[in-house]
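*Asks:* Below is a structure I'd like to ask you about.
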Amino acid sequence: MTERYDAIVIGVGQAAPALCARLDKEGLKTAVIERKLLGGTCVNTGCIPTKTLIASAHAAHLARRGGDYGFDPGRVRMDMKAVKRRKDHVVRQSVDALKKWLGGMKNVTLMHGQAKFTAPRRVAVNGHELEAERVFINVGARAAVPDLPGVKEVPFYTNSSIMKVDFTPPHLVIVGGSYIGLEFAQMYRRFGSEVTIVERLPKLLPREDDDVAAEIGAIIKREGIHIRTDAECMALKRKGKQIAVTLECKHGKPIAQGTHVLLAVGRTPNTGDLGLREAGIQADERGYIKVDDECCTSAAGVWALGECNGKGAFTHTSYNDYEIVAANLFDGDKRRISDRIQTYALFIDPPLGRAGMSEAEAKKSGRRVLVGKRPMTRVGRAREAGETQGFMKVLVDAESSELLGAAILGLSGDEVVHSLLDMMYAKRPYTTIQRAMHIHPTVTELVPTMLGELKPL
Ligand SMILES: Cc1cc2nc3c(=O)[nH]c(=O)nc-3n(C[C@H](O)[C@H](O)[C@H](O)COP(=O)(O)OP(=O)(O)OC[C@H]3O[C@@H](n4cnc5c(N)ncnc54)[C@H](O)[C@@H]3O)c2cc1C
């Protein structure tokens with residue numbers, strides 16, 4: 001027998017809880033189905049645990065730098081079991097809060113199991129069939145496992161399985177020099193591991209401007225992390241008790257050898273086993289569900305939110321999808337995906353906060369562009385804190401004076417960038433920032449000074 005609902009939500013990722021709360025408020029009888037862990041990637045194996053582990057790594061790093069600040073830290077030794085306990089505790093708090101939140105919704109029933117479409121707006125779970133006028137897909141993505149030679153023969157970690165680690169790997173080889181790989185690289189280096197990053201492309205962070213990627217490379221190297229780029233022909237094999245990643249690089253030894261390997265080479269959407277064909281939902285060749293500007297799929301009454309729609313790979317893009325769907329469905333507010341400005345952070349130390357266009361994108365847009373840049377060595381707050389690595393960079397449209405993009409690589413860069421992001425969203429000229437009074441001493445107070453020194457790009 002088919003159970004009837006007003007709405008079905010598949011997957012409890014970063015859009016689903018708030019969406020369920022809204023459906024509940026609208027009085028809609030809703031079934032929400034999760035096959036594994038409430039809170040999905042961000043809560044269990046992504047943002048929350050990594051930022052918690054990074055906090056432990058940062059504390060140890062700062063303690064080791066005691067001499068820079070006038071104290072003798074003695075020998076700093078990690079207790080990795082305690083580090084993991086702390087991480088598990090913070091994750092558990094978030095999962096428990098979600099459980100309580102969802103459990104308190106009168107019209108929402110939480111089901112555990114694998115959901116699969118059997119027909120348009122009909123979903124099978126645990127041998128039951130559910131049907132609803134509206135179905136919302138929030139199934140996210142998982143770590144991609146590339147088809148490298150040897151990958152089936154050697155053990156490796158992904159961002160999920162490494163969450164169980166409660167020891168310091170003697171030498172961690174990280175395959176992938178992008179956001180996830182770099183965060184783990186610096187974290188494990190600070191936990192005491194030898195770390196080698198292996199990247200197929202000629203530079204780290206291929207999407208970032210060359211100056212940003214080069215400075216990040218220098219920051220990482222200063223901590224003793226080995227970087228091997230141009231690793232075009234990667235393969236994994238056992239070498240005694242060690243694991244070797246063969247690289248066939250253009251330069252240097254053609255092998256990187258370590259005790260453990262982490263694969264951090266991108267994501268695969270969780271759509272292969274969702275029954276998209278049965279539901280008449282179109283996906284692209286990589287499995288990302290095709291959506292329009294309001295997250296509607298090709299099937300009437302079905303929406304896709306979060307990473308599975310290929311429009312963003314962050315918690316904030318997933319949550320923003322929820323806001324767009326709710327605004328259009330219930331508030332008569334025509335919010336659009338195309339209205340958002342790309343923004344994200346790389347949570348290494350110091351962090352990179354990014355908003356809007358890169359230099360390359362600004363050039364490509366055909367505009368006349370002005371650029372302002374300031375090294376963190378010329379930011380008082382950074383000097384006082386003893387954190388002078390990095391720089392701030394801002395891009396401005398020379399005709400309209402609107403801000404086009406920003407890269408804040410330095411102390412609190414992940415926070416500072418919001419002052420530029422909000423101004424971009426408001427479409428105000430950059431001169432507005434220069435008229436506001438800012439707090440001293442902060443990193444942000446130097447943004448107007450940087451804007452006073454713009455030069456043609
Ligand atoms: C190591 C790491 C660090 C990250 N750090 C950050 C960060 O600092 N900031 C940031 O913004 N982003 C970060 N991200 C990215 C972020 O975690 C993801 O973009 C975000 O979690 C995607 O959310 P989502 O809503 O698409 O779904 P997810 O969070 O992936 O959740 C999807 C849920 O759906 C469930 N599901 C899947 N298929 C089915 C099915 N058939 N039936 C039932 N349930 C199903 C899954 O079990 C999962 O619980 C990080 C990612 C990683 C891997």
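*Asks:* Taking the dipole about the Cα centre of the chain, with the C-beta of Lys and Arg at +1 and of Asp and Glu at -1, give me whichever of 175, 322, 447 is farthest to the positive side.
*Replies:* The one lying farthest along the dipole's positive direction is 175.
*Asks:* Putting +1 on Lys and Arg Cβ atoms and -1 on Asp and Glu Cβ atoms, find which of 7, 74, 426 reaches farthest to the positive end of the dipole of the chain.
*Replies:* 74
*Asks:* Sequence-distant or interchain residues sharing an amide H contact under 5 Å with residue 151, placed H: which?
*Replies:* For residue 151, whose amide H was placed from the backbone, the distant partners under 5 Å are 236.
*Asks:* Report the charge-dipole magnitude of segment 13-98 in Debye, nearest 20, computed about the Cα centre from +1 at each Lys and Arg Cβ and -1 at each Asp and Glu Cβ.
*Replies:* Charge dipole, segment 13-98, about its Cα centre: 280 debye, nearest 20.
*Asks:* Then there's this: Where Rh is the Kirkwood radius over the Cα pairs of segment 307-353, the temperature 25 °C and the viscosity 0.890 mPa s, what D in µm²/s does Stokes-Einstein return?
*Replies:* D = 205 µm²/s.
*Asks:* Please list, by residue number, every one of the trypsin sites (Lys or Arg not before Pro) in segment 117-192 that is coil in DSSP and has at most 12 other beta-carbon atoms within 10 Å.
*Replies:* Passing sites in segment 117-192 are 152.
*Asks:* Still on this model: Kirkwood Rh and Cα-based Rg: tell me the resulting Rg over Rh for segment 20-141, rounded to two decimals.
*Replies:* Here the Rg-to-Rh quotient is 1.20.
*Asks:* Same structure, new question: Along its three principal axes, how long is segment 1-90 when you only count alpha carbons? Whole Å, largest extent first please.
*Replies:* For segment 1-90, the Cα extents along the three principal axes come out at 69, 24, 14 Å.
*Asks:* Next question. Expressed as a rounded percentage, what relative contact order does segment 366-439 have, with Cα pairs under 8 Å and six or more residues apart?
*Replies:* 25 percent
*Asks:* Across segment 30-40, in residue order, what do the Karplus-derived ³J(HN,Hα) couplings come to in whole Hz, using 6.51 cos²θ - 1.76 cosθ + 1.60 with θ = phi - 60° and x for Gly and Pro?
*Replies:* Using θ = phi - 60°, the values come out as 10, 10, 10, 10, 10, 8, 9, 10, 4, x, x Hz.
*Asks:* Kindly provide the pair-distance distribution of segment 95-159 built from C-alpha pairs, with 5 Å bins from 0 and whole-percent values in order of increasing distance.
*Replies:* Percent of Cα pairs in each bin: 3, 11, 15, 16, 15, 13, 11, 9, 6, 2, 0.
*Asks:* Something else about it: State log₁₀ I(q)/I(0) for segment 271-380 at q = 0.12, 0.14 Å⁻¹ as given by the Debye formula over alpha-carbon point scatterers of equal weight, solvent excluded.
*Replies:* With no solvent term, the Cα-only Debye profile gives -0.59, -0.75.
*Asks:* Scanning the chain for helices, which whole DSSP H stretches are 15 Å or more long along the axis (Cα) and average -0.5 or more by Kyte-Doolittle?
*Replies:* Helix filter hits for the chain: 47-64, 179-191, 210-222, 315-330, 413-426.
*Asks:* Grab every C-alpha pair in the chain, bin the distances at 20 angstrom width from 0 up to the longest one, and report whole percents.
*Replies:* 22, 52, 25, 1
*Asks:* I'd like to compare 419-426, 259-266: which one has the highest average count of other Cβ atoms within 10 Å, and what's the full order after that?
*Replies:* So the peptides 419-426, 259-266, ranked by packing, come out 259-266, 419-426.
*Asks:* Using alpha-carbon pairs under 8 Å, 6+ residues apart, how would you state the relative contact order of segment 250-377 in percent?
*Replies:* It comes to 12 percent, rounded to a whole number.
*Asks:* Using modelled backbone amide H atoms (1.01 Å from N, in-plane), which distant-in-sequence or interchain residues come within less than 5 Å of residue 157's amide H?
*Replies:* Amide H neighbours of residue 157: 261, 262, 263.
*Asks:* Before anything else, pin down the relative contact order of the chain: Cα pairs under 8 Å, at least 6 apart, normalised by residue count, whole percent.
*Replies:* Relative CO of the chain lands at 13 percent.
*Asks:* Separate question: Once phi is turned into θ = phi - 60°, what whole-Hz ³J(HN,Hα) does the Karplus curve with 6.51, -1.76 and 1.60 give for every residue of segment 342-357, x standing for Gly and Pro?
*Replies:* 4, 8, 6, 10, 10, 8, 7, 10, x, x, 10, x, 10, 8, x, 6
*Asks:* Additional query: Just to confirm the filter: which GluC sites (Glu not before Pro) across segment 116-188 are DSSP coil and have at most 10 other Cβ within 10 angstrom of their Cβ?
*Replies:* In loop regions of segment 116-188 (DSSP not H, G, I, E or B), the sparsely surrounded GluC sites (Glu not before Pro) are 153.
*Asks:* So which chymotrypsin sites (Phe, Trp or Tyr not before Pro) in segment 1-107 are both in a DSSP loop and have at most 14 other Cβ atoms within 10 Å of their Cβ?
*Replies:* In loop regions of segment 1-107 (DSSP not H, G, I, E or B), the sparsely surrounded chymotrypsin sites (Phe, Trp or Tyr not before Pro) are 71.
*Asks:* Tell me, 180, 137 in order of fewest to most beta-carbon neighbours within 10 Å?
*Replies:* Ascending Cβ contact count within 10 Å gives the list 180, 137.
*Asks:* Moving to a separate point now. Taking every pair of alpha-carbon atoms in segment 123-229, what share in percent sits in each 10 Å bin, from 0 to the bin with the longest distance?
*Replies:* 12, 36, 26, 13, 11, 3
*Asks:* Amide H neighbours of residue 129 under 5 Å, counting only residues 5+ apart in sequence or on other chains, H built in-plane at 1.01 Å?
*Replies:* Placed amide hydrogens put 3 under 5 Å from residue 129.
*Asks:* Under a point-charge model restricted to the Cβ atoms of Lys and Arg (+1) and Asp and Glu (-1), what is the dipole moment magnitude of the chain relative to its Cα centre, in debye to the nearest 20?
*Replies:* 1140 debye
*Asks:* For segment 121-230, give the magnitude of the charge dipole about the Cα centre (Cβ charges: +1 Lys/Arg, -1 Asp/Glu; no others), in debye to the nearest 20.
*Replies:* The dipole of segment 121-230 has a size of about 240 debye.
*Asks:* Using the number of other C-beta atoms within 10 angstrom as an exposure proxy, rank 311, 29 with the fewest first.
*Replies:* Fewest to most other Cβ atoms nearby, the residues stand as 29, 311.
*Asks:* With a 10 Å Cβ neighbour count serving as the proxy for reagent exposure, in which order, fewest first, do 285, 232, 399 appear?
*Replies:* Fewest-to-most Cβ neighbours within 10 Å comes out as 285, 399, 232.
*Asks:* A follow-up question, please. Kirkwood hydrodynamic radius for segment 207-334: how many Å is it when counted over pairs of different Cα atoms?
*Replies:* It works out to 18.6 Å.
*Asks:* What number, in nm² with one decimal, is the all-direction average of the projected area of the convex hull of the alpha-carbon atoms of segment 346-457?
*Replies:* Answer in nm², one decimal: 6.4.
*Asks:* Antiparallel as a % of all DSSP beta bridges within the chain, to the nearest 5?
*Replies:* 60 percent
Throughout, read-outs are computed from the coordinates displayed, never taken from laboratory work. Keep in mind it's a predicted model, so treat the numbers as computed, not measured. With ideal geometry, Cβ positions are generated from the backbone for all residues, glycine too; neighbour counts draw on all protein chains shown.
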